[in-house]
Structures are given as structure tokens and as C-alpha cells.
Amino acid sequence: MQYIRFGKSNLKVSRLALGAMGFGSRDWREWVLDDSDSRAIIKKALDSGINFFDTCDFYSIGESETILGRALLEYAPRDEVIVATKVGNPMSDHPNARGFSRKHIFDGVDASLKRLKTDYIDLYQTHIWDPETNLDELVDAFADVVRAGKVRYVGVTTLPAWCFAKIQHIAATTLAPPFVSMQCEYNLCHREVERELIPLCRAEGVALIPFSPFARGFLCADRRRTENATRRTESDSYTHKYYYRDGDFAVYEATKKIADVRNLTTAQVALAWVLQQPGITAPIFGATRPEHIDEALATLDISLDEDDVAALEAAYQPRPPRDSGH
């Protein structure tokens, strides 16, 4: 395993992070893995040297955190793993069970600590963005959970570049802890963050930890073929809304061509491309079987040449403003 500095911080994380959205309860999403299947993947990741795990209170309404926390407690010393979680999505029906009020952030971090069975969270992040958020309150509340010892570092997930710049300015001028990382959707079919968000993060030394390097599984197989259907492809409305464009299939075809020539999987080519992008710290990938961990780790030794990169990027079809999903 390779390890890398986490942005400007002194923290070291594995070059790949395991995402835990797929661990939890099928009552939440029918493609989610239960405790037993999830634990096998977590154990495999740890044995392979992955020390960075990303989850969220919203995933399976807390069950993902519960499964991850229980497994990590059993399989690894706490100081050896980096546990990241997020807050912001609705956790109940009442109006203060979501967003970035001081009330919800304080309630959310305590609930996550309990489910994760830990005294502290290594990386606490904003989740879904709410444009009505009072940014001063957000920065101040995140600073307080750090000062209380409940959180070590703070980060954000997918918000406009101007907004992230403003948050960082507020943090700097109020002597609050800086937001050290940006989690954003980034893959061969979804490159909208290259316009402003990624350049900003590179310039400021912010750790980039992109999610969906496989385009939510779209780039793992030809989704036009019925034999490649999975529970997720059949039920994930987000993927169908944003990843079934003609241009996306053109990207898949370019990926498949390179994969066949180099005796790789399309998933490996897709992940290798993300890993090679300047400033990327640790892509967050999901796995549904332990062998997917081996497939992902092998990508660390893959180097795409200039012709490969040019062919992959030429197929990309940009999305218009305000039509890119995350």
C-alpha cells in the first residue's frame, strides 16, 4: 500500500479509501450489503493496508456507521485507522434533523460517535449542500467540535468553489480549524469539478478525495447489456439520471478498448485515470466483494500513457451548468 500526506495536514492516509455507503440495510437501498458481507470487505481492506474509511450518518440512516465502527473496533487498533463521516442530510422528519445548524452539528457528531463506537472522528465533513446555510455558524460549529476533542480534522463535500473559498476565509479570519479536504464526484464521465473546484483545491493544498471513480458502477461493465444488470443498476435512479448519456457510453467504449489491450478491467482503467490526476489524494471506492479490494489495489501499479489519457478524455461530454448532479 502507498500512503500520502492528507493535503497540508500532517496526517497520512492510504492512497485508496474504502467507501461505506454500500454497508448497512436493504431497507434503505436494496443493493446494500448486510453486516456479515460488509465485515468481510472491511477485513480485507485492512489486511491490504487501507487505513482510510469513509461513511456518513445518512447511509442506511446510521447503520453504515454502526457496521463500520463495530468491525474496525474488532479488527484494528483505533490509532491505526482514519475514520471519516459526514453530516447534513436528513436523519428524521423534523426540520432541525438536517443541515448545518449548530444544533444539528452538535447532535449529529454525538450520534455518529455513539454508532461508530469511538471517542473521536478523524475527519468530519459537510455532506449535501444547502445554499441557505449561514456559513459563519457552520464554521464556528465545526471549530467547536474540534476544540471539544470530538473531531480531529474537518472537511467538506461537493459545494461551489466560491462557497468553499468563503468558508476557508471565515476559518482563517476567526482562527478556526481549516477545512483540509474536499470530497467531490469525479470520474471519466463526470468532470465538471475541473472547471473551478479542483483548481481551487490544488492551489490551496486541500486534500482531494473524489467519490464515484467508477461512475457509480457505470464504468464497470456495459450497462446496455441485460446480463450486466445488478441490483444497483436496476434501482439507482441517480445513476440513470446522470450516467446513461450517449457521451457516457462513448467513454465506456474508450475505457473498454484500453482495458482489453492492457488486459485490465474497465474499473481499473477508470480508477487509474482518477489516481493520475494532479492533486488527487485518495479516491473513495466501493466494493461489493472482497476480491474487489485486490482489483483496486492492483490499480496503484498501473500507469496510463499520454495516448491512453488522450483517448479516454476525448470521449467526455460536458454537462451544462446546474445539470451535473453533485
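The values are calculated or read from the model by the stated rules, or taken from the named source; none is laboratory data. Given the structure is predicted, the values throughout are model-derived calculations rather than measurements. Using ideal geometry, Cβ is built from the backbone for each residue, glycine included, and neighbour counts are taken over all protein chains shown.
Here are some notes:
- Some residue of the range 217-234 being under 29 Å from VAL83 (Cα atoms), in a loop (DSSP other than H, G, I, E, B) and in contact with a strand residue (DSSP E or B) (Cβ under 7 Å, 6 or more places away or on another chain): no
- Screening LYS114, LYS150 for residues that are within 27 Å of PHE285 (Cα to Cα) and free of Cβ contacts under 8 Å to residues at least 12 places away in the same chain leaves exactly one candidate, LYS114.
- Of all residues in the range 235-248 being touching a residue at least 60 places away in the same chain (Cβ under 8 Å) and outside any helix (DSSP H, G or I), the one that is farthest from GLU192 (Cα to Cα): ASP236
- Remark: pairs (first residue in the range 131-147, at pLDDT 95 or above; second residue small (Gly, Ala, Ser) and part of a helix (DSSP H, G or I); Cβ separation under 8 Å; 6+ apart in sequence or on different chains) = VAL139/ALA171; ALA143/ALA171.
- Only listed residue being within 18 Å of THR288 (Cα to Cα) and surrounded by fewer than 21 Cβ atoms within 10 Å (Cβ to Cβ), chosen from GLU30, GLU74: GLU30
- Test result for ILE42, closer than 25 Å to SER235 by Cβ and without any contact (Cβ under 8 Å) to a residue 40 or more places away in the chain: yes
- Residues of the range 163-179 classified as without any contact (Cβ under 8 Å) to a residue 12 or more places away in the chain and either in a helix (DSSP H, G or I) or under 22 Å from ARG98 (Cα atoms) (or both), total: 3
- Screening the range 287-313 for residues that are over 15 Å from ALA221 (Cα atoms) and assigned to a loop (DSSP other than H, G, I, E, B) and picking the one that is farthest from the chain's Cα centre (by Cα) gives ASP305.
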